[in-house]
Amino acid sequence: MKSERHKGSRALRLVPWITLALFLGPVLAGLAATALPAFGYLPALGGDQFNLHSWQRLFEVPGLTRAAGLSLWTGLLATLLTVILVFGFCSAMHDTALFRKSQIILSPLLATPHVALAIGLAFLIAPSGWLVRLVSPWLTGWTRPPDIAMVQDSLGLALVLGLLIKEVPFILLMTLSALNQVPTRETLLTARSLGYSPVAAWLKVVLPRIYPQIRLPIYAVLAFSMSVVDVAVVLAPTTPPPLSVMVFRMFMDRDLTMIFPASAGACLQFLLVAAAIGAWRLGEILVARGARPWMLRGHRKRSGPPLYYAWGGLVISLVALSVVGTLTLGLWSFAHTWFYPLALPSAWTLSHWLRHLPDLAGPALTTLLLGLAAASLALVLALGCLQNERVNGVGPASRMLWLLYLPLLVPQIAFLFGAQMLLVRLDLDGTWPALIWAHLLFVFPYVFLALADPWRAFDPRYRNTALALTGSRLRTFFRVELPMMLKPVLFAFAIGFAVSVGQYLSTIFAGGGRFTTLTVEAVTLATGNDRRVIGIYALTQAVLPLLVYGMAIVLPAFLQRRQERRNR
Amino acid sequence: MKHPDGLLLHRVTISLGALALIPETTLTVAPGEITTVMGPSGTGKSTLLNYLCGTLAPAFSASGQIFIHGRDISALPIEKRRIGILFQDDLLFPHMSVGENLLFALPRSVKGRHRRQDLAEQALDEAGLAGYYQRSPGTLSGGQRARVALMRTLLSNPEIILLDEPFAKLDTELRTVIRQFVFAHIAARALPTLLVTHDIRDAEAAGGPLLSLGARATDHQS
Amino acid sequence: MKKGVLLTLIVVVAACIPAAAQVAEDWESIVDKARGQTVYWNAWAGDENTNSFIAWVGRRVKEDYQIDLRHVKISLTSESVSRVVAEKAAGRDTGGSVDMIWINGENFLAMKDQGLLFGPFTQLLPNFQLVDTEGKPTTIIDFTVPVEGMEAPWRMAQIVYVYDALRLPEPPRSIPGLLEWARENPGRITHPQIRNFLGSTFLKQALYELVEDADVLGKPATDANFATVTAPLWAWYEELKPLMWRRGEQFPESGPAMRQLLADNEIDIMISFSPNEASTAISKGLLPDSVRTYVLDKGTIGNTSFNAIPYNAANKEGALVVINFLLSPESQAHAQNPEVMGNFTVLDLDRLSPEERRLFTDLPRGPATLSDAELGRPLPEPHPSWMDRIVAAWEQRYSR
């Protein structure tokens, strides 16, 4: 038995290396494909020597500075507001029933694809949008929509709002999961018995303890907000657009040699994201330092219902915006004609659904299989890495795992070009393994992110007890650790699945045009700007992740109830 | 009705559904007195403490009133009740140093950084922990942590003290020492105290009245 | 660097010629080889009607040639172009994943320049004989650059303007008139962002009318003449811009996004490259049925959509057969049906049999579609260098 155990732990030791190997190829190829053309090298397009022309050409692009500034500003603002809203909401509402239910309320929002939410939001808040239509022309007198930039405003505020409706639920869920890892209740009780109001207690003794656990998700949000393309195309200003869109357009330019300055632009964007994360880290340190005297001065601040309602109201309105936005898209899918200023369609039809439903089955199946495969694989790898950490300690491979977050930090378009080249070299492009692999690059970081903290916070005494009782690592893992961690494991799986469902560019690049997923259909059809079709795809696209999220919530509760019934 | 000084539980009942967990009870704890609550698991000891803190889970229903020095606190949230609690776990905040944990407890009315720091240092001195101000709670022994936790509670100027099996995790020898330490400080400040424990020796050392909760065992976790 | 490109080009062309020469002798053997092939057609999928048309083509070539046609749905042609580039960079010179690509003139030039295309192949196609290369010169001259058989035309396009006749009874029929109208109706016109082809088309069409001598546009723009030739354009645009939607500071992302603005009553006039767009949009409920189409009195620019075959395509024979089918009278007439796509044919009706001709003459016309006479003979595209420079100059001026 002893030798068997050794074998087990040695095999486990390999998992972080396997994970790294799976990742390093495409990650390095991706980075090289970004970096090399940025310095003039891409023989396929005649670049056979190193030089700085790409950078020169990049800096000659008009509006570059403003584009970079816009990315930095919207990214930082969106992240800052996300964090303020989430912490404000948690500190004010942590005692309420609404708070305890928020995980179930918010999960569906995570499942809805970014673009769909953005388009729904745009239709809500545009000058000709649904909110204006509700009050026009009888109240506003606007027989024509007013000429005001409520979306695509030059400050990028609509973009920030669009990012918020997606990122607030994400960070809130991450915070909820972090809250389960510390003795929140007792800590709060202690602080409150010392006279601190619930808000002050949460901010002073809970937040500082959980912040380290949600730091990485916050960085991911920051990087995402700064490099998002699809949402920005719908909501961001156009002249100039944010850097991400500018770089994307350069990559997609009909002049193929634009790949050179585009690659330099991607490098610039990478540096900008790195700088923003650095700045954020610095801010964290300064805030922590500045807040210490405030924390210790004895302020017990009693803030009553108004604050509580304000934060609750803010987060609820965000949720309402995305829900109502998605619902109006749903309305659109049944509309034949629906023109300004009507608040409801003037002619209804089922024809859009009837026409598209038969075409949905194939892509839905592909999406489902792909998502299940990528999320399962990511889950196995993440569990392997984490379990190895527990059994063998943090080795050199574990320390290198941060590299896996790179796919989230580098602009997708640049990075994927290199990964695609690697797949073609390996003769794998357009195959299932390639596609699953490409999805894994983006799915794994989120799965790992969602699972790492709960797993590391798992009380080792359970494991030791179980080991002593069963004498088997496998049985301990499958009978004790996995069942006890079922909730976070399924939750991580659901997040991974939703990330896979949302993949567009990686599907296009690795799939070689052989695979059509719901998102591919949705994004390509979205370029036709037909809100009815977008409505159909937004709804169907959200259904699959919703089912998986539902399972992640219902299954553990169901199993627990069955267990309880059996115990009785 | 004239209320005595100290803690008064007036006609308190707590029930869970149809089950009367705590039948009507009226109880006075005089200043400096330590009343011990004992009883097997599941008889409602923790429920009683939660009731006193105002943190009873919604499934429970309670009636009656709580007075501290004649002040009705039954409807107040925990932070306004001026109750000091010590748990089995010391719950020192790991993100603050030992000294900062104490500063955190000092009332707002104590002004000035130096004055606040002096008070914290003084409390450490009293606990025999002079020089531990900058230490992180994680580096302290169990006994040291228990003493810091008590000092922290006392610094917040509570009007009564609740002790929730505060010595259960300490070994026998340390237990006696810490018990003496805690009881001495409570006596010095003449605080009405409610002690919940499993250990009859705690009750004996407390020397106050003993309240035994229902001997009947239920399978419900309170 | 230039030399490298040239060298690769020569190598690629040399590698292709034998194959081309081989199939050239015998269409029958091409069709034989094509049977059972799976052809991946990379085509923009933002338009449902086009998607249905492609699906119909798939059914037809399955029946006739047992070819399995797969529509690779893309949102930008560049996605497929960059796949071919990646394959070339990785050294996959045969067995490529893109068999056929719907391409507009500018992407075509880029691919042609980089040696990424197979051909010349149009002379291999029996149906290419039916193409009206004289009456519709844009079928062999794409953006002033000779196609040289490297891509095959499949549908005609011409700039039109779409407006709502209820809101705007008399639309302005000249470029200066447009400015006059905007002065009285500020904020009611826009164009897609400049990097979108319709965005630059808006300026290109204006330049055509404002330039003193349009002949100069047929030749490449030079440093010497660009500023003087485009001076009237900028003078006109400078005045128009603040009178546009959102004071000319924001622009819709694409043509369809602009169509949504027209539907939402945010603007009154929009530019389109599809003479049938308004009619199709009415029938789909996307635009009110009071929408109509018009062209400028002095004519509008026209061009042609093509299909090309990447140099490393795995199923060239299949692609050739599909492209040939697209040029058949049956397919062209089906495409011209306004209920299908409403795209005008590239064929010369005079070269068809009477039955074949009837396929076209019997077609219904949409409520907002102009007749051939109303459309007028399309103006030729300016040399692409004008477009490149206009886009660059626009960004220099306004995107700061």
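Any read-out appearing in this document is the output of simple, stated calculations on the displayed coordinates, not a laboratory observation. It should be emphasised that the depicted structure is a prediction, and the values quoted were computed from it without experimental measurement. Methodologically, a virtual Cβ is constructed for each residue, glycine included, from the backbone with ideal geometry; neighbour enumeration extends over all protein chains shown.
Values computed for the structure shown
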item	result
Length released on extending from residue B:157 to residue B:19, taking residue separation times 0.36 nm less the Cα-Cα span	46.0 nm
Relative contact order [Cα under 8 Å, 6+ residues apart], chain A, whole percent	23 percent
Percent RCO, i.e. relative contact order, over chain B, from Cα pairs under 8 Å lying at least 6 residues apart	33 percent
Cα gyration tensor shape of the range B:97-157, rounded if a/c is under 1.5, else prolate or oblate by comparing a/b with b/c	prolate
Among B:198, B:114, B:95: highest mean-square fluctuation, GNM of chain B, C-alpha pairs under 10 Å	B:114
Proximal charge balance of residue A:213 [Cβ under 15 Å; K/R count +1, D/E count -1]	+1
Cα shape, chain A, gyration tensor, a/c 1.5 rule	rounded
Percent RCO, i.e. relative contact order, over the range B:97-157, from Cα pairs under 8 Å lying at least 6 residues apart	51 percent
Gyration tensor (alpha-carbon) shape descriptor, the range C:313-393, a/c threshold 1.5	oblate
Trypsin sites (Lys or Arg not before Pro) restricted to the range C:341-399 and DSSP loop, no more than 16 other C-beta within 10 Å	C:365
Loop sites in the range B:84-144: trypsin sites (Lys or Arg not before Pro), DSSP, at most 13 other Cβ within 10 Å	B:108, B:111
Built amide H within the under 5 Å cut-off of residue C:117, gap 5+	C:311
Selection from B:119, B:151, B:107, by position along the positive dipole direction of the range B:97-157 (Cβ)	B:107
Dipole magnitude (debye, nearest 20) for the range B:97-157, charges at Cβ of Lys, Arg, Asp, Glu	220 debye
Aspartates and glutamates whose Cα lies under 14 Å from that of residue B:80, excluding same-chain neighbours fewer than 8 positions away	B:72, B:159
Long pairs among A:166/A:204; C:62/C:316; A:204/A:301; C:33/C:316; C:204/C:241; C:88/C:112, criterion Cα-Cα beyond 18 Å	A:166/A:204
Options A:335, A:432, A:296, ranked by Cα towards positive dipole end of chain A, top entry (Cβ charges)	A:296
Selected from B:200, B:78, B:68 as most flexible by GNM, with chain B as the system and alpha-carbon contacts under 10 Å	B:200
Assigned charges on the beta-carbon of Lys, Arg, Asp, Glu; the protein assembly as shown dipole about Cα centre (debye)	5960 debye
Per-residue [θ]222 nm for chain C (sum of -39500 (n - 2.57) over DSSP H runs n ≥ 4, rounded to 500)	-13500 deg cm²/dmol
Net charge, residue C:225 excluded, C-beta distance under 15 Å - Lys, Arg +1, Asp, Glu -1	-3
Charge tally in the Cβ shell below 14 Å around residue A:26, where Lys, Arg are +1 and Asp, Glu are -1, residue A:26 excluded	0
Which of A:368, C:260, B:10, positive extreme of dipole for the protein assembly as shown (C-beta unit charges)	B:10
Cα-centre dipole for chain B with unit charges at Cβ (Lys and Arg positive, Asp and Glu negative), debye to 20	620 debye
